[in-house]
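In what follows, a single structure is set out as structure tokens and then discussed.
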Amino acid sequence: MGTAVLVSLLTVTGLSVARLKNRAFRSANEAYEARRYAQAGLQMGLLKIKQDSNWRTLVPNGDWAVNREIGAGTVTLSGADPVDNNIANSQLNPLVLTASGQKGSATQKLKITLVPNMVPLAALNTALHAAGTVTIDNGDSADPDNGPISTNGQIDNNGAIYGDAHCQSFLNAGSVYGQRVTGAPAKPMPDSTVIPAYIAMATAIGNPGVIEHLTLAPGRNPISGSLNSDGVYYINASSGDLTIRNCRINGTLIVRLGIGRKLKIDNAVLMHNYRPDFPVLIVDGDQGLVEISLGSTLFGLSELLNFTNFNPSGAPYNGYTDGLTDDFYPNEIQGLVHSRSPITFKDSPRIKGVVLCESSVSFESSCSLIQNSAIYRNPPYLYWTIDGMKALPGEIRQLVD
């Protein structure tokens with residue numbers, strides 16, 4: 001009898017072990033399937049974003065799908081804007097997708113954070129890009145370096161281009177000492193919302209008519225006294241011209257030109273942006289005129305000749321301030337220049353950056369345009385297009401309740 005009991009106990013034990021193994025196998029299988037369903041839920045969300053560019057206006061900040069049947073289980077998907085819980089109000093905000101897959105008694109949750117896929121404007125990969133005709137006068141020249149002279153229209157070259165030239169067609173080919181590309185694809189200009197967005201960030205200062213013998217910077221504003229920590233200042237020149245000469249501007253200057261009004265940047269000027277992700281100059285208004293005539297770069301901007309200290313307290317240059325007037329500065333514009341009005345170059349100016357003109361451009365002298373490739377690699381704020389959303393490496397995470 002003892003032997004029979006022992007055999008019986010061993011049999012029961014074996015059956016229990018088998019049942020436990022089966023249960024463990026079933027649980028593992030359910031967990032595996034639940035994770036697959038959660039992954040499918042994330043893919044469902046990614047597909048929704050990919051298929052409709054207006055997806056932000058079509059989905060809630062919350063559940064996108066609840067207990068939707070999939071395979072032998074269900075999936076629940078939600079989306080959330082972690083910045084302000086409003087998916088629709090900004091295409092610049094990230095998105096967090098959370099998917100919960102369920103199979104039997106197993107639940108698996110996965111989360112992924114998506115960010116906008118920001119593609120720099122192709123126009124930023126040029127030394128100068130215009131929407132309209134680019135004209136080089138007889139005997140004058142454009143000297144682009146590290147990027148082409150480019151236009152969505154024609155180039156009327158009566159002089160010389162010492163570099164590459166991209167256009168739809170040449171009205172006059174002139175002399176081009178570089179690659180000539182006709183039928184070039186049109187490059188989009190910045191969105192119409194870009195300039196208003198910068199104006200909203202700016203500190204408005206009255207139009208003084210002439211800006212000279214001063215430094216305008218985040219920590220210094222001798223025009224009105226009101227400071228802007230990002231160095232963004234706005235001048236409304238709708239009813240009067242504005243001349244900028246013999247001064248230093250370290251920031252982002254926005255000028256609105258009225259019909260027939262002129263912005264003239266003259267003599268010796270150093271304009272350089274304070275924030276590397278902001279332009280240096282924005283000109284609003286499409287019926288004005290921008291004239292850049294900085295003159296010879298031989299002597300630069302001299303404190304001594306102008307009886308002006310251009311790196312006073314509140315406006316350091318390369319990290320330094322002083323109370324003297326014995327320094328020299330480059331006579332040039334550094335950074336992105338964006339104008340809705342036509343631009344004319346005179347007196348051999350030099351620009352290190354990129355010029356975007358939503359109108360026509362005329363060269364009435366030689367002009368050195370040195371493209372800064374960093375502007376294309378890391379475009380200024382809003383100078384991009386958004387091509388869907390992308391996940392950063394390692395951003396898919398498993399959640400544990």
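The values are calculated or read from the model by the stated rules, or taken from the named source; none is laboratory data. These figures come from a predicted structure and were not determined experimentally. Note: ideal-geometry Cβ built from the backbone for every residue, glycine included; neighbour counts use all protein chains shown.
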Kindly evaluate I375 against the criterion of being over 18 Å from G231 (Cβ atoms) and either in the same structural domain as R256 (by TED's automatic domain parsing) or part of a loop (DSSP other than H, G, I, E, B) (or both). no
So which of P393, P312 ends up being outside any strand (DSSP E or B) and either touching a residue at least 24 places away in the same chain (Cβ under 8 Å) or basic (K, R) (or both)? P312
What is the number of the single condition among (1) part of a loop (DSSP other than H, G, I, E, B); (2) over 27 Å from L257 (Cβ atoms); (3) at pLDDT 95 or above that F170 does not meet? (1)
Filter result (without any contact (Cβ under 8 Å) to a residue 60 or more places away in the chain and either among the aromatic types (F, W, Y) or buried (at least 20 other Cβ atoms within 10 Å of the Cβ) (or both)) within region 240-265: L242, I244, I249, G251, T252, L253, I254, V255, R256, R261
Go through (1) of a type outside the set (D, E); (2) crowded, with 19+ Cβ neighbours inside 10 Å; (3) within 22 Å of the chain's Cα centre (by Cα) for T76 and report which single condition fails. (3)
Go through region 185-207 and report how many residues are more than 23 Å from the chain's Cα centre (by Cα) and surrounded by 16 or more Cβ atoms within 10 Å (Cβ to Cβ). 2
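This table checks each residue for (1) of a type in the set (A, V, I, L, M, F, W, C); (2) under 27 Å from L121 (Cβ atoms); (3) at pLDDT below 95; (4) touching a helix residue (DSSP H, G or I) at 6+ places or on another chain (Cβ under 8 Å).
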site	(1), (2), (3), (4)
V181	yes, yes, no, no
A197	yes, yes, no, no
M201	yes, yes, no, no
I205	yes, no, no, no
L214	yes, no, no, no
D241	no, no, no, no
N250	no, yes, no, no
I254	yes, yes, no, yes
Of the conditions (1) surrounded by fewer than 20 Cβ atoms within 10 Å (Cβ to Cβ); (2) at pLDDT 95 or above; (3) touching a Phe, Trp or Tyr at 6+ places or on another chain (Cβ under 7 Å), G300 satisfies every one except a single condition; which number is it? (2)
Note on region 109-136: residues of a type outside the set (V, I, T), more than 18 Å from the chain's Cα centre (by Cα) and surrounded by 23 or more Cβ atoms within 10 Å (Cβ to Cβ) are A130
The number of residues in region 223-239 that are of a type outside the set (S, T, N, Q), in a loop (DSSP other than H, G, I, E, B) and crowded, with 16+ Cβ neighbours inside 10 Å is 2
Counted residues in region 319-333 being outside any strand (DSSP E or B) and within 32 Å of the chain's Cα centre (by Cα) come to 4
Output for region 334-349, where each listed residue is outside any strand (DSSP E or B) and closer than 12 Å to L294 by Cα: K346, D347, S348, P349
